[in-house]
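The values are calculated or read from the model by the stated rules, or taken from the named source; none is laboratory data. The structure displayed is predicted, hence computed values, not measured ones. Cβ placement follows ideal geometry from the backbone for every residue including glycine, while neighbour counts extend to all protein chains displayed.
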Amino acid sequence: MKTGIVGAGLAGLTCAWYLKKNGINDITIFESSEKAGGKLKTDRFDGFQLDRGFQVLLPAYPETKKVLDYVNLQLQRFHKGSLIYKNGKQIPFYGPGNGFTALLKTVVNGPGSLIDKLILLKLKFTLSRLSIEDIFNRKKTISSLEYLKELGFSERMIKDFWIPFYQGVFLENTLETDSRMLRFTFKMFAEAGAALPKEGMGAIPMQLVDYIGADKIRYNTKVLKCDSKSVTKSDGKQESFDKVVLACNMNKNVEYHSVTNNYYEAEKLPIDTKHVILNANPNRIINNVVMISNVAPNYSQNGKHLISVSANGIHTKADVFMEDLKSIFGLEAANWKLVKSYTIREALPAINFEKKYKPTSSEGVFYCGDYLLQGSINGAMESGRRSAEEIIKGI
Ligand SMILES: Cc1cc2nc3c(=O)[nH]c(=O)nc-3n(C[C@H](O)[C@H](O)[C@H](O)COP(=O)(O)OP(=O)(O)OC[C@H]3O[C@@H](n4cnc5c(N)ncnc54)[C@H](O)[C@@H]3O)c2cc1C
């Protein structure tokens, strides 16, 4: 059976992975860019490894567990929890596994009150007992912010931890994202934390390509349109298939959150940590800072430290970042050198969870992609798997 897939992002690659696993080998993947991976790519630049936009793998994701070989990815783990900076002070918020002293520091000096910490423990316990289906089948739609208020968290806890943390996860500043996404990701963070592959996030799609076969992908080949039996490329030529999968978003009506990610090199680290640093200062621009070569040493191969700094929205002036960095780390930040800046307009799709995702359209085209299900590695891979399963079911 001849299958054409449009898009070599995670959704398209995962679809191809499952097809091959089930004995379907006649696959052609059309990719408009020069590289596979879509939003998940790693550049090598000046002795650094730079992901195109800071992102992390949550090893507890059910879809990545099914497909990826974590041992081969040599996952480099973040320490659980975060380190919050506010008004010149550090607020520790260390998760389990950081030792007794760290736990004590969190209880005594962490964000929010003791009641907040008890609510948090209860939330963690509740989510650990819920399945992912239970989480996504929740009927009532409320925003993440409303949900946190409903759980009883204090305003201080929401301002000092939840908003700074989830600004960086949802790439939007008001936590309007559906609360199902907060519950899902929080469960994932709590189960197995966050990690980076040794060779960068781009190693994830590369592992899929290795299995599928690089010869199945046609790079620099843009598809203009497709139907259930054919694909029309930008050179006007048409190719015929038994099944066609559209694994990219040709729908201009989808709203996206954007982000700017600046990488800096430093001779000396301002703080030796493997935690994500959250900026809880009022009137902030940047969300989070990560001593990325501390977490994953391979990100720097030139003896310098690599620091990742992210801010929601598009920022083309590096000075804006520097003001915030100085307010967190002091004048020392002024010595950091900007390595590269990535501005990503279409980073995470804003999803309407009320619309139920269907892998097939009425015209017989198979659809997948994060924008249809969830803006995450897990969502992209789930949609790819489900398209493949529909194809296999129909044989
Ligand atoms: C900055 C950033 C941070 C993120 N952080 C996280 C995180 O921490 N954790 C997490 O789980 N997820 C995160 N995500 C989300 C995750 O990376 C994406 O959800 C996922 O990679 C999307 O995969 P996809 O295959 O659906 O889409 P895409 O990656 O967009 O793939 C679509 C592919 O189709 C190709 N294409 C498009 N149009 C055509 C055409 N006409 N013809 C041929 N090819 C075409 C594109 O070039 C692309 O390769 C983040 C994303 C970004 C951008």
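Scanning region 325-346 for residues that are farther than 26 Å from GLY47 by Cβ and surrounded by 17 or more Cβ atoms within 10 Å (Cβ to Cβ) gives a single hit, SER327.
Of the numbered criteria (1) more than 17 Å from ILE212 (Cα to Cα); (2) away from the ligand (no atom under 16 Å from the Cβ); (3) surrounded by fewer than 17 Cβ atoms within 10 Å (Cβ to Cβ), the one ILE91 fails is (3). Within the set of pairs 6 or more residues apart or between chains, which connect a residue that is in contact (Cβ under 8 Å) with a residue 60 or more places away in the chain inside region 183-204 to a residue that is within 13 Å of the ligand (Cβ to nearest atom) and of a type in the set (Lys, Arg) with Cβ atoms less than 7 Å apart? Qualifying pairs under 7 Å: GLY202/LYS41.
Give region 199-216 a look and list any residue that's assigned to a helix (DSSP H, G or I) and either within 11 Å of the ligand (Cβ to nearest atom) or of a type in the set (Ser, Thr, Tyr) (or both), or say none.
As a first pass, look at region 199-216 and keep what is assigned to a helix (DSSP H, G or I): 203-212, 214-216.
Matches in region 199-216: ILE204, PRO205, LEU208, TYR211.
Restricted to region 217-233, and to residues that are β-branched (Val, Ile, Thr) and within 8 Å of the ligand (Cβ to nearest atom), which residue is surrounded by the fewest Cβ atoms within 10 Å (Cβ to Cβ)? Filtering region 217-233 for residues that are β-branched (Val, Ile, Thr) and within 8 Å of the ligand (Cβ to nearest atom), the one surrounded by the fewest Cβ atoms within 10 Å (Cβ to Cβ) comes out as THR221.
From the set of residues in region 349-373 that are near the ligand (Cβ under 10 Å from one of its atoms) and in contact with a Lys or Arg (Cβ under 9 Å, 6 or more places away or on another chain), which is farthest from THR141 (Cα to Cα)? Walk me through it before giving the result.
Restricting attention to region 349-373, the residues satisfying the condition of being near the ligand (Cβ under 10 Å from one of its atoms) are 349, 368-373.
Still in the list and also in contact with a Lys or Arg (Cβ under 9 Å, 6 or more places away or on another chain): 368, 370, 372-373.
On the way: CYS368: 23, ASP370: 19, LEU372: 17, LEU373: 15 Å.
That would be CYS368.
Report whether or not TYR342 is within 15 Å of the ligand (Cβ to nearest atom), aromatic (Phe, Trp, Tyr), within 22 Å of LEU246 (Cα to Cα) and not in a loop (DSSP other than H, G, I, E, B).
Details: within 15 Å of the ligand (Cβ to nearest atom): yes; aromatic (Phe, Trp, Tyr): yes; within 22 Å of LEU246 (Cα to Cα): no; not in a loop (DSSP other than H, G, I, E, B): yes.
In short, no.
Residues of region 291-323 being over 21 Å from ASP51 (Cβ atoms), of a type outside the set (A, V, I, L, M, F, W, C) and part of a helix (DSSP H, G or I), which ones? Passing the criteria: ASP319, GLU323.
Among the residues of region 64-96, those that are touching a residue at least 40 places away in the same chain (Cβ under 8 Å), closer than 29 Å to ILE204 by Cα and in a loop (DSSP other than H, G, I, E, B) comprise LEU68, ASP69, GLN74, PHE78, HIS79, LYS80, GLY95. Among the candidates ASN249, ASN253, ASN173, ASN261, the residue that is near the ligand (Cβ under 10 Å from one of its atoms) and assigned to a loop (DSSP other than H, G, I, E, B) is uniquely ASN249.
Search region 374-395 for residues being part of a helix (DSSP H, G or I) and among the small types (Gly, Ala, Ser), and hand back the single one that is farthest from the ligand (Cβ to nearest atom). Steps first, answer last, please.
As a first pass, look at region 374-395 and keep what is part of a helix (DSSP H, G or I): 377-393.
Then keep just the ones that are among the small types (Gly, Ala, Ser); that gives 379-380, 383-384, 387-388.
On the way: GLY379: 6, ALA380: 3, SER383: 7, GLY384: 7, SER387: 11, ALA388: 13 Å.
Once the filter is applied, the top-ranked residue is ALA388.
In the set LEU145, LEU196, only one residue is more than 16 Å from the ligand (Cβ to nearest atom) and at negative phi; that residue is LEU145. Note on region 9-63: residues that are away from the ligand (no atom under 12 Å from the Cβ) and in a loop (DSSP other than H, G, I, E, B) total 7.
Scanning region 99-110 for residues that are part of a loop (DSSP other than H, G, I, E, B) and over 23 Å from ILE158 (Cβ atoms) returns a single hit, GLY99. What do you reckon, is ASN352 part of a loop (DSSP other than H, G, I, E, B), within 17 Å of ILE135 (Cβ to Cβ) and polar (S, T, N, Q)? So ASN352 passes the test. Which residues, taken from region 112-155, are part of a loop (DSSP other than H, G, I, E, B) and either in contact (Cβ under 8 Å) with a residue 12 or more places away in the chain or not charged (D, E, K, R) (or both)? Result: GLY112, SER113, LEU130, SER131, ASN137, ARG138, THR141, ILE142, GLY152, PHE153, SER154.
Exactly one residue out of ILE277, ILE286, ILE351 is buried (at least 21 other Cβ atoms within 10 Å of the Cβ), under 26 Å from ILE163 (Cα atoms) and at pLDDT below 95: that is ILE351.
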